[in-house]
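Engineer: Let me give you the structure first, and then I'll get to my questions.
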Amino acid sequence: MSDFTFVTLQYESGDWDSAPLVPANVIDSVARYTAIPVAPTGAIVPLASPDLLRFPFAFLTGHLPVRFTSAERERLREWIARGGFLFVDDHNHDIDGQFHKTVTEELTRALGPMVDVPNDSPLYRAFFTFPDGPPATGHELNGWGDNLVHKHLRAVMRAGRIAVLYSNKDYSSEWGYHPENKRFLSVDNTKFAVNVVVYALTS
């Protein structure tokens, strides 16, 4: 088995590189908690590139409007059809923001409708157990943004499996700190990232 590589997707519109500390933090958590062999650094892969087909997992985030090019849309369809897993996180704190509106439109256009992920999904038991579904973020709990705690994540499904996991909970901000700072947390808030990676690699 080749080492797991955390891939950040580069797309032509928007600010794809808005969460530069997330990859190192998730890599640290996967290495810390699991036996999965992990590449020590992540990779940046353009969405339209054939290099994407080499990887089973990718992360996409941003604040600004997203409009896929036709080449990006076709590559995404091909990669998902081959079993790729995409985790998309809205790096804003408002449910009706431009990233949310445009990226969900683009995903639906490319791949079909999204559905709520039930909170008893295997995703929430893939490594750690989250009995109440997706963990809330500090932005939700502190009332920064739309003042909502989003009870469900969304997904594009393929053959009963989550192929695209969509979050408007802003895990990008929640996990955007240096891994060494985990020691200051009473509860490591990146544990859910481990579930996402394990689910992507084993489901």
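The values are calculated or read from the model by the stated rules, or taken from the named source; none is laboratory data. Predicted, not measured: the structure shown is a model, and the values here were computed from it. Ideal geometry is used to build each Cβ from the backbone, glycine not excepted, and the neighbour counts take in all protein chains shown. For the accessible areas, the whole protein counts, side chains as well, though only heavy atoms, and no ligand, DNA or RNA atoms are used. Shrake-Rupley method; radii C 1.70, N 1.55, O 1.52, S 1.80 Å.
Engineer: Only residues that are hydrophobic (A, V, I, L, M, F, W, C) and either farther than 21 Å from F4 by Cα or surrounded by 17 or more Cβ atoms within 10 Å (Cβ to Cβ) (or both): list them for the stretch 64-87, please.
Structural biologist: L64, V66, F68, A71, L76, W79, I80, F85, L86, F87
Engineer: Search the stretch 140-157 for residues being surrounded by 14 or more Cβ atoms within 10 Å (Cβ to Cβ) and within 17 Å of the chain's Cα centre (by Cα), and hand back the single one that is modelled with the lowest pLDDT.
Structural biologist: Here the answer is H150.
Engineer: Look at the stretch 99-121 and say how many of its residues are buried (at least 16 other Cβ atoms within 10 Å of the Cβ) and in a helix (DSSP H, G or I).
Structural biologist: The qualifying residues number 9.
Engineer: Moving on to the next point. Given the structure, is V187 open to solvent by 70 Å² or more (accessible area, probe 1.4 Å), under 15 Å from T137 (Cβ atoms) and β-branched (V, I, T)?
Structural biologist: yes
Engineer: Do we find a residue being hydrophobic (A, V, I, L, M, F, W, C) and part of a strand (DSSP E or B) anywhere in the stretch 165-174?
Structural biologist: Yes, because at least one residue in the stretch 165-174 is hydrophobic (A, V, I, L, M, F, W, C) and part of a strand (DSSP E or B).
Engineer: Also, I was wondering about something else. How many residues does the stretch 1-13 contain that are open to solvent by 40 Å² or more (accessible area, probe 1.4 Å) and in contact (Cβ under 8 Å) with a residue 40 or more places away in the chain?
Structural biologist: Within the stretch 1-13, residues that are open to solvent by 40 Å² or more (accessible area, probe 1.4 Å) and in contact (Cβ under 8 Å) with a residue 40 or more places away in the chain number 1.
Engineer: Quick one: which residue in V66, V45 is part of a loop (DSSP other than H, G, I, E, B), touching an Asp or Glu at 6+ places or on another chain (Cβ under 9 Å) and aliphatic (A, V, I, L, M)?
Structural biologist: V66
Engineer: Just checking, how many residues over the stretch 37-48 are open to solvent by less than 60 Å² (accessible area, probe 1.4 Å) and within 17 Å of D17 (Cα to Cα)?
Structural biologist: Within the stretch 37-48, residues that are open to solvent by less than 60 Å² (accessible area, probe 1.4 Å) and within 17 Å of D17 (Cα to Cα) number 6.
Engineer: Six or more apart or on different chains, Cβ under 7 Å: which pairs go from a residue in the stretch 59-88 that's farther than 20 Å from S172 by Cβ and at pLDDT 95 or above to one that's assigned to a strand (DSSP E or B) and basic (K, R)? Could you list them?
Structural biologist: I80/R158
Engineer: Could you tell me which numbered condition L53 fails, if it satisfies all but one of (1) under 18 Å from A163 (Cα atoms); (2) surrounded by 19 or more Cβ atoms within 10 Å (Cβ to Cβ); (3) touching a helix residue (DSSP H, G or I) at 6+ places or on another chain (Cβ under 7 Å)?
Structural biologist: Single failed check for L53: (2).
Engineer: Of all the residues that make up the stretch 5-31, how many are within 15 Å of A58 (Cβ to Cβ) and either part of a loop (DSSP other than H, G, I, E, B) or more than 15 Å from the chain's Cα centre (by Cα) (or both)?
Structural biologist: Residues in the stretch 5-31 being within 15 Å of A58 (Cβ to Cβ) and either part of a loop (DSSP other than H, G, I, E, B) or more than 15 Å from the chain's Cα centre (by Cα) (or both): 6 in total.
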